[in-house]
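Enquirer: Quick one: the structure is below, questions incoming.
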Amino acid sequence: MSKVLNSHQPVLLKEAMEALCANKGGKFLDCTFGGGGHTSAILDSSDENFVYAIDCDPQAKERANALQQKYAGRFAFCNINFTEADNMYLSPLDGILMDLGVSSFQLDDKARGFSFREHTKLDMRMDNSSGQTATEFLNTATKDELVEALRDFGEEENWKKITSLIIGNRGKDTLAYCDLFANLIAVNVSDRGKGRIHPATKTFQGIRIAINGELNALLKALPVLFEKLCLGGRLVVISFHSLEDRIVKQFFRRMAGQAVNRADNEPAQLKEKFAKILTTKPVVPGENEINLNPRSRSAKMRVLERIK
Ligand SMILES: C[S@@+](CC[C@H](N)C(=O)[O-])C[C@H]1O[C@@H](n2cnc3c(N)ncnc32)[C@H](O)[C@@H]1O
């Protein structure tokens, strides 16, 4: 079994608990259990709270088991993708939380293949019991799929060069191991002395988003989850990527009867309002939180309340 070095610091914890009104007592769904930081905080906020938690990572189940005794009768865990939440029988929920992306458990566990410093297999699946590994993706994806991963999901400006490098290295060890792949990028792509981040950071991010289908999962899950809220129930989403945040923002606007984007010309009086947006601007971590937990720096939290 691989070794996990760090635990996960829950992001925007106080803000998320306030947004969920967790101290009032109710039924909640945590769609991204991870290490259970937010789940535990909900359960600690009121003895009247019940939390259903989901995570697609098989290792999250072990961490959930550790909470079963402490919160006996108030906590249930399901090892599924949140796109399958439709199949769960859940009574109307007072609050739903999504804290998107990967956890520190996944990032710091060398064997999971997310870290470009390690000589381990390039995997990057959140659910490592099924689906394509990053290496399989790099060896088989079409050029368009690679471009989408690097340019769109990774926002990597050297996407053309890196796409060619990937295609030219197919079948080689350089696409099979984290450190070799990261090094391939580092030696061939100049970062023009721009940053403190490793030159492969954005490529790794884009590939991770692609192989885990992260944006499609969010698009698919939001309307299903919204239907599970009671009237007055809150949907709280913490995202870490501009494309994720855009999906959340547009979904919230649609549910609130607002124009989704500039191209949306439908007259306001024809739009139906199912929800109220409680965050005109996303809530972001303060300097203090970013200093204590640098991984929180790109977090954005949006909150929606069901009214119909
Ligand atoms: C940022 S972590 C959540 C951390 C958690 N809030 C905590 O405080 O410990 C995101 C978690 O969501 C899970 N996840 C991401 N996408 C998922 C999906 N589509 N379905 C189920 N779980 C998902 C990941 O496996 C990861 O464990």
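None of the figures in this text is laboratory data; all of them are computed from the coordinates on show. If you're wondering where the values come from, they're calculated on a predicted model, not measured in any experiment.
Enquirer: Hey, what's the Kirkwood Rh for region 128-211 if you take every pair of different alpha carbons, in angstrom? Let's see the in-between values first.
Expert: Working: mean 1/r = 0.0788 Å⁻¹.
The answer is 12.7 Å.
Enquirer: I've got another one for you. Measure nothing but the geometry: give the 0 to 90° angle between the long axis through the Cα atoms of 201-211 and the longest principal axis through the Cα atoms of the chain, rounded to 10°.
Expert: The angle comes out near 60 degrees.
Enquirer: Could you pull out every one of the aspartates and glutamates with an alpha carbon less than 16 Å from that of Lys14, ignoring same-chain neighbours closer than 8 positions?
Expert: Filter leaves Asp30, Asp44, Asp99, Glu287, Glu289.
Enquirer: If you wrap a convex hull around the alpha carbons of region 164-245, what volume per residue comes out, as a whole number of Å³? Display every interim value, and only then the final one.
Expert: Numbers: hull volume 10.9 nm³, N = 82.
About 133 Å³ per residue, rounded to a whole number.
Enquirer: A further question on this structure: From the gyration tensor of the Cα coordinates in the chain, what semi-axes in whole Å does the equivalent ellipsoid have, largest first, with each one equal to sqrt(5λ)?
Expert: After scaling each eigenvalue by five and taking roots: 34, 24, 17 Å.
Enquirer: Can I ask one more? When only alpha-carbon atoms count, how far does region 1-116 stretch along each of its three principal axes, as whole angstroms with the largest first?
Expert: Sorted from largest, the Cα extents of region 1-116 read 43, 30, 25 Å.
Enquirer: Diagonalise the Cα gyration tensor of region 240-291 and give the resulting equivalent ellipsoid semi-axes, square root of 5 times each eigenvalue, largest first, whole Å. Present the calculation step by step, with values, prior to reporting the outcome.
Expert: On the way: eigenvalues 152, 30, 12 Å².
Its equivalent ellipsoid spans semi-axes of 28, 12, 8 Å.
Enquirer: When only Cα pairs under 8 Å and 6 or more residues apart are kept, what is the percent relative contact order across the chain?
Expert: 18
Enquirer: Another question about this same structure. Using only the Cα atoms of region 59-101, what semi-axes does the equivalent ellipsoid have when each is the square root of 5 times a gyration tensor eigenvalue? Give whole Å, largest first.
Expert: Equivalent ellipsoid semi-axes, largest first: 19, 15, 11 Å.
Enquirer: With springs connecting C-alpha atoms under 10 Å apart, model the chain as a Gaussian network and identify which of Asn261, Asn216, Asn169 has the largest mean-square fluctuation.
Expert: Asn261
Enquirer: Then there's this: Please go through the residue pairs Lys70/Lys273; Lys172/Lys300; Lys24/Lys61; Lys202/Lys308; Lys24/Lys281 and name each one whose alpha carbons sit more than 31 Å apart in this structure.
Expert: In this structure, Lys70/Lys273; Lys172/Lys300; Lys202/Lys308 exceed 31 Å between Cα atoms.
Enquirer: Another question about this same structure. Whole Å is fine, so just give me how far the alpha carbon centre of region 197-213 lies from that of region 10-75.
Expert: When both Cα centres are located, 28 Å separates them.
Enquirer: Counting helices only, and only those DSSP H runs with n ≥ 4, report the 222 nm mean residue ellipticity of the chain as the sum of -39,500 (n - 2.57) divided by its residues, in deg cm²/dmol to the nearest 500.
Expert: Value at 222 nm, helices only, nearest 500: -10000 deg cm²/dmol.
Enquirer: Note the per residue figure in Å³ for the convex hull of the C-alpha positions in region 149-308.
Expert: 158
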